[in-house]
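In what follows, a structure is listed as C-alpha cells, so that the remarks can point back to it.
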Amino acid sequence: MNKADVESLCKYNNWANDRMLDCASKLTTEQFTTDLQSSHRSVRDTLAHILAAEWIWLERWKGTSPPSLLNPTDFPSVESLETRWRQVEADYAAFVGTLTDESLGAQITYTNTKGEQWTYPLGQMLQHVMNHSTYHRGQVTTMLRQLGASVNPVDLLVFMDVKSEN
C-alpha cells in the first residue's frame, strides 16, 4: 500500500458513495427510511452507517476515539447525509494529502466503541475502511432493488473505465 494507491481508493470510494446517494435521492422519504429487515434496517440507516464508519476511522487516525458512531436519525433526508458526507470527504482529502508512503506503515492505536484498544498499521486500516464501505454499498444496492429503484453500478472497474474516459 502506497500513497498513490490510497489516493486512488479514496477517489473510488467517493465516486461510489456519490452514485449510491444519487440513487437514494430518487426515493421517497418513506422508502428511504423503510425497515427492510437488513443489518442496518433501511437505506438511510445503512448509508448513515457507511458515513459514520468513514468519519469515526478518520477521527481515530487523527488521534481521537469517539465513543459512538453518528446517529442515523440525525439524517432525515439524503440531502442531510450528503451535506455531512461532503465535510467528511474534505477532511479525508486533507488527511490523505499529509500522508507519505512511510506514514502508511505507522502503527495507530485507537479505542473502539466498546472501549477496547487496538493497534494496526495505518495503510491496513485505510484498506479496511474502503472494504467496509464497499460491503455496505452492496447492501444498499439490494435494498434499492427491493424498493424497485434503479441502481448505478459501483464496481471498481467501472470507476476505472469512467476515469480513463475523462
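A Cβ distance below 8 Å, combined with a sequence gap of six or more or placement on separate chains, defines the contacts here; from region 77-88, residues that are over 16 Å from PHE32 (Cα atoms) reach residues that are among the aliphatic types (A, V, I, L, M) in the pairs ARG84/LEU51; ARG84/LEU70; TRP85/LEU21; TRP85/LEU51; VAL88/LEU51; VAL88/LEU58.
Within region 40-50, which residues are in contact (Cβ under 8 Å) with a residue 40 or more places away in the chain and either of a type in the set (Ser, Thr, Tyr) or surrounded by 23 or more Cβ atoms within 10 Å (Cβ to Cβ) (or both)? SER42, VAL43, THR46, LEU47, ILE50, listed by residue number.
Residues that are of a type in the set (Lys, Arg) and exposed (fewer than 15 other Cβ atoms within 10 Å of the Cβ) within region 51-110 comprise LYS62, ARG86, listed in sequence order. When region 129-166 is filtered for residues that are exposed (fewer than 14 other Cβ atoms within 10 Å of the Cβ), aromatic (Phe, Trp, Tyr) and touching a Lys or Arg at 6+ places or on another chain (Cβ under 9 Å), nothing remains.
The number of residues in region 24-47 being of a type in the set (Gly, Ala, Ser), assigned to a strand (DSSP E or B) and more than 13 Å from GLY138 (Cα to Cα) comes to 0.
Which of the residues belonging to region 104-132 are aliphatic (A, V, I, L, M), part of a helix (DSSP H, G or I) and more than 16 Å from the chain's Cα centre (by Cα)? Residues satisfying the conditions are LEU104, LEU122. Taken over region 57-86, residues that are under 16 Å from the mean Cα position of the chain (by Cα) and closer than 25 Å to ALA4 by Cβ amount to 7.
When region 10-39 is filtered for residues that are at pLDDT below 95 and buried (at least 16 other Cβ atoms within 10 Å of the Cβ), only SER38 remains.
The values are calculated or read from the model by the stated rules, or taken from the named source; none is laboratory data. From a predicted model like this one, the values you see are computed outputs, not experimental measurements. Reconstructed Cβ throughout: ideal geometry from the backbone, glycine too, with neighbour counts over all protein chains shown.
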